[in-house]
Structures are given as C-alpha cells and as structure tokens.
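Trainee: Sharing a structure here in structure tokens format.
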Amino acid sequence: MAFLSGAMWLAAILAGSAALAWAFRAALVALLPATAARVMRTAPLTASFGLVVILLYVVAAVFADLIAPFPERAVVGAEYLPWEGAHILGTDNLGRDMFSRLIYGARNTVGIAVATTALAFLLGSVLGLLAATVGGWLDQGLSRLVDVLMAIPALIFALLLLTIFGTSVVTLILVIAVIDATRVFRLARAVAQGIVVMDYIEAAKLRGERLPRLILREILPNAMAPLVAEFGLRFCFVFLSISALSFLGLGIQPPTADWGSMVRENATLITFGDVTPLLPAGAIALLTVAVNFVVDWMLHRASGLKE
Amino acid sequence: MTTKPVLLEMRGVRIEGRADETWSDIVRDIDLTLHRGEVLGLIGESGAGKSTLGLAAMGYTRDGCRISEGSIRFDGIDLIVAPEAERRGLRGRRIAYVAQSAAASFNPAHRLIDQYCETPVQHGVMSRAEAERDAVELYRRMRLPNPGEIGFRYPHQVSGGQLQRAMTAMAMACRPDLIIFDEPTTALDVTTQIEVLSAIRDAVRQFDTAAIYITHDLAVVAQMADRIKVLLKGREVEEAPTREMLSTPREAYTKSLWAVRSHARTEQPPAPASETPVVSVRGVTAAYGKVPVLHEVSFDIHRRRTVAVVGESGSGKSTTARVITGLLPPSAGEVAFEGKVLPADYRQRSKDQLRQAQMIYQMADTALNPRHRIREIIGRPVEFYLGLRGRALTERIRELLHLIELEPDRFIDRLPSELSGGQKQRIGIARALAAEPRFIICDEVTSALDQLVAEGILKLLDRLQAEFDLAYMFITHDLATVRAIADEVVVMKDGRVVEQGPKGEMFTPPHHAYTELLLSSVPDMDPDWLDRLLEARRQGKAGAEAAGESAGN
Amino acid sequence: MARVWGMVAQRVALGIFTLFVISLIIFGAVELLPGDLAQSVLGQAATPETLAAFRRELGLDLPAHERYLSWLGGVLQGDFGNSLANRRPIADLIGVRFSNTLFLALYAAAISVPLSLVLGILAALWRNSIYDRAVNVATLSSISFPEFFVAYILVFFIAQAGFFPSIANVSTDVSFGERLYRTFLPALTLTLVVTAHMMRMTRAAIINLLASPYIEMARLKGLSPRRIILRHALPNALAPIINVIALNLAYLITGVVVVEVVFVYPGLGQLMVDSVAKRDITVVQASALIFAAAFVTLNLIADVLSTLSNPRLVHRR
C-alpha cells in the first residue's frame, strides 16, 4: 500500500538526514576555529541539516558541468524512460536526461532566485534605511506607496505585470524583485526606525555627520542581523514565487532546465504512479526547508542574545 | 518584635536560571526569616536577584528558572514540595504581590474592581457584593480620589500613582499575612512616590501585615522596613535592623552604598555680572507639533559653572536640552553661545558651533554604537573636528582614555558590550571631551548607575571641569545629585522655570511652593523622615498643601 | 464609543481609497504596455481596418482618463467589458468561477482555521515540550513546500489509492456533498499549506501574550490555569488572532491560483493564468482587481474587528 510504504520512506529519510546533520555538525566543530566551533556546538540538528543541504546545492550549482552526465538541453533518449542504466532518473517528456536537468536546475532556478533576492534587497533596504533616517515627506511618500503596492497580493500583481511586460528571465527578475522590495522596505524601515531613535545616532547627527556615513557606518552595522535573517526568508519566498510562476508556465521558459517548469512538463507521470515529477518539486522544497531551518536558528540565537 | 511567631523561613535557597542551554545561579545560599507583622527591606542593584527571591517567597519561579536547593516554609507549609494546588490556594489569599509597573500588571481588558474582586471571590473568602463594598473601603484607605467610583474604570483611564495604590488595595483584598512589594514606586515621580509610600505603610500597619519590600533606593527602604537585607550578585551581604544598618554598616559594600552621598564640590561664587555667559537661553518657547512643552524659559550658564536643571518627568528639562542642541527649533526665543545667537536648527550650525557644545547621555547603553570599538567612538570626533589622522589620532585617543582613568592598552579595542556601566559612561564623557568643547550637557548621566559608580563619575566631571574650564548643564531629577555638583539650580515644572538661583539660596527657605514640595519629597536616609514629613504636612503648611494638590492629579 | 466608530469609519474610508488607487494601478499598468495593444493582440497580419475596428471597440481612440472613467463606471455596475480573446463579456466568464474560488477558499478555511488555532494555542501552552518542537519542525517544513509539491504528493498517495478524485471537476448541477467530495484534495492542499503558517503565527501571538506582566499577576493571585486562559489571556488574544486569521485568508485567496491549476478546478485563478498565457489583458485586469479587492476587504475587516476588540480604544479616557 502506497501510504504505508510512504510512511516507511519518510521515517528512513528523517533518520538519514538526522545522521547526516549530526556528522556534519561534528565535522564542523572539529574543523572550525574555536569561536565558530563553539557556536556550531549549540546548533540544533535542524540547523546543521540546513547548512549541509545548502552546501550541497551550492556545489551542484557551481560544478553542474562536471557533475551532470548529459547536456542540459539535448534530447538523449526516448521520452519518459524509466530509472535505468545511463539515465539514473530516467528521461523527461522530450527525452532529456532527468538527472542532468535536475543538476542544471540548481544553477538556473537557484541562480535566478538569488539574483532576484539580491536586487530586491538592494532596492528595498536602501530605500527603507533612507526613509527611516531622513523621515518627513520622503518617508511618508515611500511608505504610502509601499502600502498600496502591498495591498495587491504578490502573485496576482506578478501575473498582471508579466502579462504586460512578457515572460523573459529579465522581466521575471525585475518584476519579482520590485514586488519583493516592498516587503524588504517595510522590514528595513522598521529595523532602522528602532535604531534611529538611539542616542548614538543623535550624537552622530549633532556631530554633523553626513547622511551616507550616518546610514553606512552608524545604522547599517546594527541592522545587519535582522536583515541577514530576512534575506533568508525573502529568498525562500522569491524562490517559491518563481517556481510557482514557472510551474504555471509564466516564469522561466523552456528549454532552460528549471525545477518549476520540470514539474509542469512531466506532471502527467504522477497519475501513472511515477514519482519522477515530484523530484524537482522536492528539490525546491528541500532547499527552502534548509534555508528556513538555518534562518530559524539565527533568529532564535538573535533573540536569545538580546535578553 | 522577635517575640512574634515566624511567618516565612528560607534556608540555603538557591535559584538558577536557564540561558543558552545551561543553568546558572541567580541567587544562592540565602537564609531569610520573617516574623508576623514585620517588614523586611530587600535592597540591591539591578540583577542582584531581589525580584527572583521575592517571587520565591510565594513559591513561584518565572519561566526558565528553578529552585534547585534549600527550603522555603510559609507558616509551616513547605512551598517547594507542596502541590501546585496548595500553593495556588495561598497566593492572593495569604501571600499577595504588588508589581513594579501597575500599568502593565493590570489586565487592560477588565475594570479595576473586577480585578480586585477576583481574588476574594475565587478563593471563596467573600461574595462579590461583599468584595465590592470592601474594595471601596480599601480604596478610601489608600486615599484614592472618588473611592466609590474609581473601581469602575479601566486601567488605562487611571494615572500611574493611583494604579499603584489600587494594586496595593487589590493585594490587601483577602487581608493576606504577607505582601511582596516589588519596587512599587520606582516608576513614579518623587512627589507621587510620597503618597504611595505613606498609603502602603499605613495599610501594612493597620492590618499588621508582614511584608518584603524590594527596592534599590536606600532612603525609601529606610522609611518602610524594620530590618534590611542587602544583596549583591545573588548573595547576601548583610542583614540588620534598619537603624543599626544605617548607623553602623559592617560590610565594605554596604558602607560604600551609604558613603555615596558624601561627595560635595566646593561651590563656585556666582560669575561676575560683566562676564559673557557661555550659553544663554533667552525666552525659549517650544512645542512638539501643536502640544506646547516650553514657555519662556531663560537662564545663563557661565564658564566653569554647573547649572543643575531640576524637575519631574514631563517638566521640560530634556526638551530644553533639545532646544539648545538644535534638535528642536523653538517657536520663540533664542539660544546664544558666548553672546552670539546660534541658528535654531542644528543642521544650519557650523562644524565649529557643533563642536563647542557636546552632550553626555543618561543611558550609556544606547549612547554608544554597539558595533563600534572604543577607538572609533572616541576617535571619530577627533578625526572629524580636528582632522587628526594615523599616529596622532591614536595618541590623542590614548590621552583621552587616560583623562577618564581607563587604561588605554586594555580598552582601546574593546566593544561597548565588553564594558561595565560606569566604564561606558566614562567613554561617553571621553567622546564629549574629544571635541574639545566649551560646554557640555549632562542628561541624567548618573541616574542609571549604581551609587558608588555614580559618585566616581561626578568626581571625574568635577575634575574635568576645572581642568578644561568647562560649563555644564546638568539635567537631573535627583536632588542629592544637585546638592553634590551644582553651583546654580533651575527648577522646572510643566515647561516653565519655577525658580532659579545659586545652590545655597535654593536649598534654604523660603522656597517657591513647588520647590518646597520637590525638596521635601526626596526621601532622606533617616528612618523617621516620612513620619516627620507627613506630620509637618498635616500641620498644614499652606504652600505644601496647594502644591500637593496640583502634583497629586 | 463614538471615537471608535470614528476610527472605524476612517479605516473604511482608507480601504476604499486604497481600492481606488489599486484600480488606477491596474488600469495604468496596461498603458505601460510596450507597443500598440491592438497590434500585439491581432498580430502583424491584421489589416488597418480590423485594427481600427478593434481600437474603436475597446475605446483605444479615446484619451486614457476617459477610458479609465468608463472602465471604472462599468466595473462598479458589474460590467468588466469584453474578453480580448473570445469577445465574450468578462462578467459572464467570471461570475461562476469566482464563486467556485470562494467556495474552495472557504472550504479550506473551515478546516484550517479551527485546526490551526487549537494546535497553535496548544504549542504555545506546552512551550518547549516535545510536541512544540515537533510542531516547529513540521510547520517550518511545510511552509517551505511549494503548493504544487504538496498537491502532487496528495495526488500521488491519496488519489492514486482511489480515495478522492485528482481532478476537481465541478459544474453547477453538482450536489453540495458531491462538490465537497470532489474538491477535497485541493481544499486539503490549501489547508496543509495555510495551517502551518497560521499555527506558527498563533503560537507566537499567544506566547507573546502569556509573557505579559498581567498574566504573571493573575498567576500570583492564585487563579486557576483555566481562568487565567479564559478570562485574562483570551480577551486580549482576540486582536492578534483576528489578524492571523485575516492574513491567512488573504493568503488562501492567492494560494488558490496554483492549486486550481494542479487540480484543473474551474476557478478564477485558473482563468487568470490562462488569460495571462493568452495575454488576454482585459480578463487579467478584471481578475487582478477582484483578487485585490477581496484581499483589501479581508484586511479591512480584520483591522476593524481588532480595533473593536481593543479595550484601550473602546473605553476612552
């Protein structure tokens, strides 16, 4: 029965990942310099699991050409081949090697998500810090604008903009980045507002410091911790949004290997009891879980240190 | 007093707290004996474990804390081994608690009287109707205005001092044997504090209730307690009857607490009338938005003089500082520096004008950027104003550290989090000095510090003033500090200067009514002070009466 | 109380204003369309006559503000214009589909709201217990899953076994019970995704609340745990819980888009996705406006309700 075997699989996977996470943590504690090792020793297994997974994804993305046995876009066999021989995960709807495309997907999907998040961050945090520091009309104007933009659900807004500007990778990155920048703006502004009221900022203002130094030297270092955690969360969100759009056929376009589109292209297999289309979806889920685990640990540490 | 039976007895109590997956001591080796009707004062600095110990007397520990050793017996019941239901039966009924912040400790969703009646009704002591009648009676004893009606208000509709009295009344509801007072007046102004203190003391005496009174204020505990126990970092320093403790403290730490108020600088003679004041505030009126906060404030500060600006919270003393520094441009009036009028907004002032007036803040924690090393904190103004770089800059930073009596090699590369409170405040002083100013505003610089440390800071400020010819504006609500450091005093109330003059005059009668009230409300270390004051006020000094009414609202 | 109603009126006015600005954005965005709308819809092969006829039909020959006003006027009367792709009135296309979408969202909400509130509150009450830690890992994982992953896993395990249909085929003549059965898997997918979010938020809100001094005071008054929760925590928990629910219902409304596509459910989300692919701009505009309006309305309701549940605002000084 599918349900029972599923439960067994789940238990095996959980045990396996716990062991992996444990081993990785032990290795890091042994290898890292003393201060970092002390931090790692108190890390929960979930966090070290997250770190392992992120590391694996980075390796896959960077060395995709070396790892993948077949080219990204080449048709190398019949359609929907089973998991056998040279094609360890079979082939897709056009006869391309599934495993190779999964590996390249790490580069494409994750790469685009990282670029988008970075852009959203640049835009959102610069404006957010500026609004909080300068205050007055600039703050009012930007905040009201962001309020309105945030009143439109993100996915719906993305769909609207993609209809208008078309579905290329560049528009995809720009559209998602702008929509997400509103969320980053909110957070950066809130964090900076907490810092701006501090006496050391007043002291710097009264000293006559100029705006760039005020923001970069006085405020930013104190805002880093929450911003880094937010980067992780926003990455997950962006990554899921892009995957959802790709799955809907409106994101990253074929023949680029991309996990969201791969699910869509091969979805028919599911109804025949073939698990293959779940692999790219699982690849997305696994990375988001990993990032969330690490961020959760960081947030927990930050709140613990505050007390 | 010792003939009365023992009510509470703690033996070898140790309480631990959990942080970062490990347990560490909050208090340990504590023995405590309290007799019926007796008031024990528990004093110590923040972090000494006073509140934890007070809560343990109710058999209660906060989340993440545990009692790991010792015994706590209340009237023969072992609070540590007793089942939770039994402890719950004692709380509120036989042992009650009065929290530091009544505003946060009353549930915002319910009326005062509902929260009052909850304890007696839930414990089955009284019916709801009886409890309501009783509440009015206790509100009257607590000298709350409109005792018959005030209970029907929500907590946010009642002022802080009244809430604190309402909370004491609530604690009294079941006529408990023991009440824990956890810093009940710390958040209040001095004039409000008096009313709460006297109400608490009367109630405790009338019902012969035993109490543990937790505070960090020596003078307050002297009024309230029969015996005093001093705590330091979770351990007992010493314990003695109040008078004995005040007259002959045994331990060095206790002596240091008492010695604090000995510092007094030699008062400078008034500056000659011909001398141009360093700073003059002339007829300043200011508002936040449409809310007026300052009315026609004027005073001068001369070279080598310290002007103390005194007043309660909301009196406008910090706002005056904001006007002087240019953070809040006034709607009328002006600020002059050495005879020349300064631009109202700091953004319009020249670098040199900014350099001449510096500021030292109350909370050293928020005054120093936690991500900057001492080198940058002190070095930045030197670099910015005086253009020093490289070796010359480092030399100057080391010189400044010497001036504030911190060893340069040990401190120059530290972060603020690696310093004690007093050291942080010294760094704040060094940052102000680094600009080589003529004038420094000290905003409550000692009020967040333990008393011994505060003494050191005051002495340092005095020395630096003489060495560098500085003019100080010293904002404080603490009259003991004023006595210690001021040459001249400016008393403020509701945004107006009520009275000003040389310190000697200000501390000798006759006073303006408000100054009188303020002066008389500051507790003395004398255990009889509150009795004498209340007696004097009862005799009806007309001025105190009138001012008392306006302050009690 | 008068002050509170004043505040409520202010919020409602702000909500209406926000909707107005959103309509401007949605309409204005199309103006940004690179090139000529008629050309891009009809393609290079279109003759000048058909182009002109098309422009006249859409009112493209009129200035933008006139077109906006007539569009908005139509929308307020329930007329969204015609689809570019098949020239049918959009209102006809949307009507049934929107009610299908609402049905699915409400179905999921009916399961997930009570479930996640109970589970979230329990996690807060048993903080740091095994249960709490397990909940943390499970919810953290499940908010990380893309909706289509959850959907296909359910299809793989449940639909494969033949319990529920993997295609949620509903038409107007289907009975209510049958409808519940056929849409069970999409509703379950949404429930799983949204429950995790809601549980985490509920837990955080309740923990925050239980840390307040007045809860400690209630303990120190010797009250029973039951009374502390019911009388002291609950009245103050209303506002945060309302916000959690509203936020997640709003999330549900957009979450349906992907789920509708997976289960081929005839809802508004699927229509919108199809229209985006066909670049049927008028339909996309109409759907976006409806989704945004639902989103704003939900947030507005939450805002008003939490204002009304705040004793500090209701009982003025």
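Trainee: Of all the residues that make up segment B:390-411, how many are open to solvent by less than 40 Å² (accessible area, probe 1.4 Å) and in contact (Cβ under 8 Å) with a residue 40 or more places away in the chain?
Mentor: 2
Trainee: Filter segment A:117-160 for residues that are of a type in the set (S, T, N, Q) and either within 14 Å of chain C (Cβ to nearest Cβ) or touching a Leu at 6+ places or on another chain (Cβ under 8 Å) (or both) and give the result.
Mentor: A:SER125, A:THR133, A:SER143
Results for (1) under 26 Å from A:GLY273 (Cα atoms); (2) in the same structural domain as A:ASP274 (by TED's automatic domain parsing); (3) surrounded by fewer than 22 Cβ atoms within 10 Å (Cβ to Cβ); (4) among the small types (Gly, Ala, Ser), shown as yes or no for each residue.
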site: A:PHE63; (1), (2), (3), (4): no, no, yes, no
site: A:LEU66; (1), (2), (3), (4): no, no, yes, no
site: A:VAL75; (1), (2), (3), (4): yes, no, yes, no
site: A:ALA78; (1), (2), (3), (4): yes, no, yes, yes
site: A:VAL110; (1), (2), (3), (4): no, yes, no, no
site: A:LEU122; (1), (2), (3), (4): no, yes, yes, no
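Trainee: Still on this model: In the set B:ALA199, B:ALA187, B:ALA169, B:ALA129, which member is of a type in the set (A, V, I, L, M, F, W, C), over 21 Å from B:LEU34 (Cβ atoms) and surrounded by fewer than 17 Cβ atoms within 10 Å (Cβ to Cβ)?
Mentor: One residue alone meets the criteria, B:ALA129.
Trainee: Can you name the number of the only condition in (1) more than 29 Å from C:ILE90 (Cα to Cα); (2) touching a residue at least 60 places away in the same chain (Cβ under 8 Å); (3) not in a helix (DSSP H, G or I) that C:VAL304 fails?
Mentor: Unmet for C:VAL304, out of (1) more than 29 Å from C:ILE90 (Cα to Cα); (2) touching a residue at least 60 places away in the same chain (Cβ under 8 Å); (3) not in a helix (DSSP H, G or I): (3).
Trainee: To continue, here is another question. In segment C:230-244, what residues are open to solvent by 40 Å² or more (accessible area, probe 1.4 Å) and either in contact with a helix residue (DSSP H, G or I) (Cβ under 6 Å, 6 or more places away or on another chain) or without any contact (Cβ under 8 Å) to a residue 24 or more places away in the chain (or both)?
Mentor: Answer for segment C:230-244, where residues must be open to solvent by 40 Å² or more (accessible area, probe 1.4 Å) and either in contact with a helix residue (DSSP H, G or I) (Cβ under 6 Å, 6 or more places away or on another chain) or without any contact (Cβ under 8 Å) to a residue 24 or more places away in the chain (or both): C:LEU230, C:ARG231, C:LEU234, C:PRO240, C:ASN243.
Trainee: Follow-up. Condition test on B:THR515, is it modelled with pLDDT under 85, among the hydroxyl-bearing types (Ser, Thr, Tyr), open to solvent by less than 20 Å² (accessible area, probe 1.4 Å) and under 25 Å from A:ALA203 (Cβ atoms)?
Mentor: No; evaluated as a whole, the condition is false for this residue.
Trainee: In addition: Pull up segment C:216-229, narrow it to residues that are of a type in the set (Gly, Ala, Ser) and either more than 8 Å from chain B (Cβ to nearest Cβ) or not in a helix (DSSP H, G or I) (or both), then point me to the one that is most open to solvent (accessible area, probe 1.4 Å).
Mentor: Out of the qualifying residues, it is C:SER224.
Trainee: Among the residues of segment B:52-90 satisfying the criterion of being open to solvent by less than 20 Å² (accessible area, probe 1.4 Å) and in a strand (DSSP E or B), which is farthest from the other protein chains (Cβ to nearest Cβ)?
Mentor: So the residue we want is B:ILE72.
Trainee: With the requirement that a residue be in a loop (DSSP other than H, G, I, E, B), touching a residue at least 60 places away in the same chain (Cβ under 8 Å), within 14 Å of chain C (Cβ to nearest Cβ) and not basic (Lys, Arg), what does segment B:91-149 give you?
Mentor: B:GLY92, B:ALA99, B:GLN100, B:SER101, B:PHE106, listed by residue number.
Trainee: Provide a single number: the residues in segment C:59-78 that are hydrophobic (A, V, I, L, M, F, W, C) and open to solvent by 50 Å² or more (accessible area, probe 1.4 Å).
Mentor: Summing the residues that are hydrophobic (A, V, I, L, M, F, W, C) and open to solvent by 50 Å² or more (accessible area, probe 1.4 Å) in segment C:59-78 gives 3.
Trainee: Right, here's the next one. Within segment A:255-264, is there a residue that is within 30 Å of C:ALA168 (Cβ to Cβ), within 9 Å of another protein chain (Cβ to nearest Cβ), in contact with a Leu (Cβ under 8 Å, 6 or more places away or on another chain) and modelled with pLDDT under 85?
Mentor: no
Trainee: Further, regarding this structure: Kindly list the number of the only condition in (1) without any contact (Cβ under 8 Å) to a residue 24 or more places away in the chain; (2) away from every other protein chain (no Cβ under 14 Å); (3) not acidic (Asp, Glu) that fails for B:ARG414.
Mentor: If we test B:ARG414 against (1) without any contact (Cβ under 8 Å) to a residue 24 or more places away in the chain; (2) away from every other protein chain (no Cβ under 14 Å); (3) not acidic (Asp, Glu), just (1) comes out false.
Trainee: Going by what's in this entry, would C:ASP274 be described as open to solvent by less than 40 Å² (accessible area, probe 1.4 Å) and not aromatic (Phe, Trp, Tyr)?
Mentor: No; evaluated as a whole, the condition is false for this residue.
Trainee: A further question on this structure: Quick test of your reading of the structure: A:TRP137 fulfils all but one of (1) in the same structural domain as A:THR288 (by TED's automatic domain parsing); (2) open to solvent by less than 70 Å² (accessible area, probe 1.4 Å). Name the failing condition by number.
Mentor: (2)
Trainee: Out of all the residues in segment C:230-237, is one or more over 30 Å from B:ARG88 (Cβ atoms) and within 9 Å of another protein chain (Cβ to nearest Cβ)?
Mentor: no
Trainee: Please enumerate the residues belonging to segment C:235-286 that are closer than 24 Å to A:LEU278 by Cα, polar (S, T, N, Q) and modelled with pLDDT of 85 or more.
Mentor: Once the filter is applied, which keeps residues that are closer than 24 Å to A:LEU278 by Cα, polar (S, T, N, Q) and modelled with pLDDT of 85 or more, segment C:235-286 yields only C:GLN270.
Trainee: Now for a separate question. Among the residues in segment B:366-389, are any open to solvent by 50 Å² or more (accessible area, probe 1.4 Å), away from chain A (no Cβ under 14 Å) and out of contact with any Leu (no Cβ under 9 Å at 6 or more places or on another chain)?
Mentor: Within segment B:366-389, one or more residues are open to solvent by 50 Å² or more (accessible area, probe 1.4 Å), away from chain A (no Cβ under 14 Å) and out of contact with any Leu (no Cβ under 9 Å at 6 or more places or on another chain).
Trainee: Another question about this same structure. Give me the residue from segment C:89-147 that is open to solvent by 40 Å² or more (accessible area, probe 1.4 Å), β-branched (Val, Ile, Thr) and more than 19 Å from C:ALA168 (Cα to Cα) and, out of that set, nearest to the other protein chains (Cβ to nearest Cβ).
Mentor: C:VAL137
Trainee: Taking segment B:467-479, which residues are under 14 Å from the mean Cα position of the chain (by Cα) and either assigned to a loop (DSSP other than H, G, I, E, B) or surrounded by fewer than 19 Cβ atoms within 10 Å (Cβ to Cβ) (or both)?
Mentor: B:HIS477, B:ASP478
Trainee: Given (1) open to solvent by less than 30 Å² (accessible area, probe 1.4 Å); (2) closer than 28 Å to C:GLN77 by Cα, identify the lone condition not met by C:VAL262.
Mentor: C:VAL262 satisfies every listed condition except (2).
Trainee: Still on this model: Scan segment B:292-320 residue by residue and report those that are surrounded by fewer than 22 Cβ atoms within 10 Å (Cβ to Cβ) and either modelled with pLDDT of 95 or more or under 25 Å from B:PRO269 (Cα atoms) (or both).
Mentor: B:SER298, B:PHE299, B:ASP300, B:HIS302, B:ARG303, B:ARG304
Trainee: Being on the phi < 0 side of the Ramachandran plot and either crowded, with 21+ Cβ neighbours inside 10 Å or in contact (Cβ under 8 Å) with a residue 60 or more places away in the chain (or both): is that true of B:ARG349 here?
Mentor: Spelling it out, it is not the case that B:ARG349 is on the phi < 0 side of the Ramachandran plot and either crowded, with 21+ Cβ neighbours inside 10 Å or in contact (Cβ under 8 Å) with a residue 60 or more places away in the chain (or both).
The values are calculated or read from the model by the stated rules, or taken from the named source; none is laboratory data. Quick caveat, the model's predicted, so the values are computed rather than measured. Heads up, the Cβs are rebuilt from the backbone with ideal geometry, glycines too, and the neighbour counts pull from every protein chain shown. Accessible surface areas use protein heavy atoms only, side chains included; no ligands, DNA or RNA. Shrake-Rupley method; radii C 1.70, N 1.55, O 1.52, S 1.80 Å.
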